[in-house]
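Heads up: the structure comes next, in structure tokens.
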Amino acid sequence: EMQLVESGGGLVKPGGSLRLSCAASGFTFSRYSINWVRQIPGRGLEWVSSISGDSTHIYYADSVKGRFTISRDNAKNSVFLQMNSLRAEDTAVYYCATSGRSGTMETWGQGTLVPVS
Amino acid sequence: DIQMTQSPSSLSASVGDRVTITCRASQSISNYLNWYQQKPGKAPKLLIYGTWSLQTGVPSRFSGGGSGTDYTLTISSLQPEDYATYYCQQSYGTLWTFGQGTRVE
């Protein structure tokens with residue numbers, strides 16, 4: 001069974017940094033692009049970033065470009081999101097998700113909460 | 001960026017009702033349109049991809065349609081487990097965006 005587990009969330013002050021991790025299991029990790037998607041509590045979804053299986057294609061939403069960095073370690077079946085210069089508006093639950101057919105997000109983790117305050 | 005506008009933002013329906021949710025893109029997205037269902041406290045679940053294709057395991061009462069800038073998600077006969085929030089997502093190009101969600105209550 002494909003599984004993703006996020007970790008690294010927690011309270012951080014404005015201007016601070018945090019590194020989220022997404023650990024994968026149950027599939028050939030290097031074959032899949034991985035996305036980070038966030039959700040402000042009680043609000044909608046926002047795609048944040050994606051990274052291809054070989055790390056050659058990386059994309060960011062305008063709202064985080066220049067502040068967040070996505071990376072992966074295929075040997076450890078993990079994807080990371082380094083978040084710098086955090087703002088109150090970055091407060092959200094952060095999910096990682098695999099990319100599937102037609103640019104879908106097929107398998108999701110349970111999410112990790114990042115309060116910036 | 002491509003903006004996605006869903007309507008309505010919420011709707012009230014009864015078990016057995018036919019429910020239709022609309023999603024409009026700010027430009028043509030050539031059928032790169034996906035739908036998700038989210039229940040409180042849970043991660044979203046993929047329902048439909050590429051406008052029409054049902055994800056494995058999703059009941060056939062869910063269907064999608066549309067083209068160009070306008071897309072729909074239809075639930076032919078609402079079931080108790082379908083009360084949730086539904087999101088569209090465009091995957092045209094490299095920067096993806098979601099609609100703001102439609103809550104079915």
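Bear in mind that the values in this text are calculations on the coordinates, not laboratory data. This one's a predicted model, so the numbers in the text were calculated from it and none came from an experiment. Here the Cβ positions follow ideal geometry from the backbone for every residue, glycine too, while neighbour counts run over all protein chains shown.
Regarding the range B:1-62, what is the average projected area of its C-alpha convex hull, in nm²? Could the numbers behind the result be given before it?
Details: hull surface 21.8 nm².
For the range B:1-62, averaging the hull's shadow over all directions gives 5.5 nm².
Within 10 Å of each Cβ in peptide B:80-91, how many partner chain Cβ atoms are there on average? Round it to a whole number, please. List each step's numbers first, then the result.
Numbers: counts 0, 0, 0, 0, 0, 2, 0, 3, 0, 6, 2, 8.
That average works out to 2.
So which trypsin sites (Lys or Arg not before Pro) in the range A:12-117 are both in a DSSP loop and have at most 15 other Cβ atoms within 10 Å of their Cβ? Each step should come with its number before you reach the end.
Numbers: sites: A:ARG19, A:ARG31, A:ARG38, A:ARG43, A:LYS65, A:ARG67, A:ARG72, A:LYS76, A:ARG87, A:ARG101; in loops: A:ARG43, A:LYS65, A:ARG67, A:ARG87.
Those satisfying the criteria are A:ARG43, A:LYS65, A:ARG67, A:ARG87.
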Name the long-range amide H neighbours of B:ALA13: under 5 Å, sequence gap of 5 or more, or other chain; modelled H, no Pro or chain starts. B:GLU105
Sorted largest first, extent of chain B alpha carbons per principal axis (Å): 36, 24, 23
The extension gain from B:SER76 to B:SER10, computed as 0.36 nm times the residue separation minus the Cα-Cα distance, is 22.0 nm
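Counting pairs of Cα atoms in chain A, how many percent are more than 18 Å apart?
Values: 3020 of 6786 pairs.
Looking at chain A, the distances longer than 18 Å represent 45 percent of pairs.
Can you figure out the FRET efficiency of A:SER117 with B:SER67, using R₀ = 45 Å and their beta-carbon distance, to the nearest 0.05? Working shown, then result.
Numbers: r = 44 Å, r/R0 = 0.98.
The computed FRET efficiency comes out at 0.55.
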Paramagnetic reach from A:SER71 (point 7 Å along Cα→Cβ, amide N under 12 Å) across the range A:1-34: A:19-20
Quote the FRET efficiency, to the nearest 0.05, computed for A:THR56 versus B:THR56 with a Förster distance R0 of 25 Å and r equal to the Cβ-Cβ distance. 0.30
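So for the protein assembly as shown, considering every pair of alpha-carbon atoms, how many percent are separated by more than 23 Å?
On the way: 11244 of 24531 pairs.
Roughly 46 percent, rounded to a whole number.
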Roughly how many Å is it from the Cα centre of the range A:46-117 to that of the range B:29-60, as a whole number? 20
From Cα pairs below 8 angstrom and at least 6 apart in sequence, can you work out the relative contact order of chain B, rounded to a whole percent? 38
Contact order normalised by residue count of the range A:1-87, Cα under 8 Å, 6+ apart, percent: 33
Could you tell me the relative contact order of the range B:59-105? Use alpha-carbon pairs under 8 Å, at least six residues apart, and round to a whole percent. 27
Amide H to amide H, which residues 5 or more places from A:GLN110 or on other chains are under 5 Å from it, using H placed in the peptide plane? A:GLU6
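What is the order of B:LYS39, B:LYS45, fewest Cβ neighbours within 10 Å to most?
B:LYS39, B:LYS45
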